[in-house]
Amino acid sequence: MISIFLKEINEFLDSLIAYVVIGVFLVGIGLLMWVFPDTNVLDYGYASMEPVFSLGPYVFMFLIPAITMKSFAEEKRNGTLELLYTLPFREIDVIMGKFLAGYFLVLFSVLPTLVYYFSLFQLGNPAGNLDTPGIMGSYIGLLLLGGVFTAVGILSSALTGNQIVSFILSAFLCFLLYAGFDSLAGINIWADWSYLISELGIMAHYSSMSKGLIDLVDLAYFIGAIAIVLMFTKLILGLKK
């Protein structure tokens, strides 16, 4: 698993797309937080990282599929997936190696946004007048969300040998899991089922954590979602052998 992890990291960082994707993500978040009039914190009048955490999931819907789209699709296109199976790796080792590599790159992309936190810490009046526990809880929620999206990206890449199709499918599934259930729950015909349908989606659990509320139910939801998606990936690869 470690060798797969290191191989994926090296391949991604050796390509220009890695730096383009991470750069676009950081510039996009920076513009949303400091420049655009509807979201920048300078117009808010108080120190808050709410734009990062409210809009971050939608940015992730494009960032993470771009990171994961080549995971299995590239192996299939080059005919190296079969070679991996001949090496002394279990199928789950290959999947976990690729998942952890993709997730590491997501963490690597998010890490520079801590600069925004320290900037706001100094901009507060007085300095340090910032809801630090709430922000840390929001970061945990964002990273757990990133884990689910990474697993979805790995699954999408396992479903097709085309990277572009993998990207589009992953972005669609991420949107569906994040906002789809909440939108579906808003339809009046569901009546008493609306709350349950909403709870099946990511948004309900992420919204709770983005307020700084760390609940075991929400943690279990994210971890369980990652595990289920990765199990589906294993099933898909098993069927395609």
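Quick notes on this one:
- Output for the range 209-241, where each listed residue is without any contact (Cβ under 8 Å) to a residue 40 or more places away in the chain and surrounded by 15 or more Cβ atoms within 10 Å (Cβ to Cβ): Tyr221
- Taken over the range 42-95, the residue count meeting the criterion of being polar (S, T, N, Q) and modelled with pLDDT of 80 or more is 3.
- Residues located in the range 97-109, provided they are surrounded by 21 or more Cβ atoms within 10 Å (Cβ to Cβ) and either free of Cβ contacts under 8 Å to residues at least 24 places away in the same chain or not small (Gly, Ala, Ser) (or both): Lys98, Phe99, Tyr103, Leu105, Val106
- Residues being farther than 20 Å from Glu74 by Cβ, hydrophobic (A, V, I, L, M, F, W, C), assigned to a helix (DSSP H, G or I) and at pLDDT below 90 are represented in the range 170-182 by at least one member.
- Per the conditions (1) part of a helix (DSSP H, G or I); (2) out of contact with any Asp or Glu (no Cβ under 7 Å at 6 or more places or on another chain); (3) not aromatic (Phe, Trp, Tyr), the sole criterion not satisfied by Lys211 is (1).
The values are calculated or read from the model by the stated rules, or taken from the named source; none is laboratory data. Since we're looking at a predicted model, the values are computed, not measured. Glycine also receives a Cβ, built like all others from the backbone with ideal geometry; neighbour counts cover every protein chain displayed.
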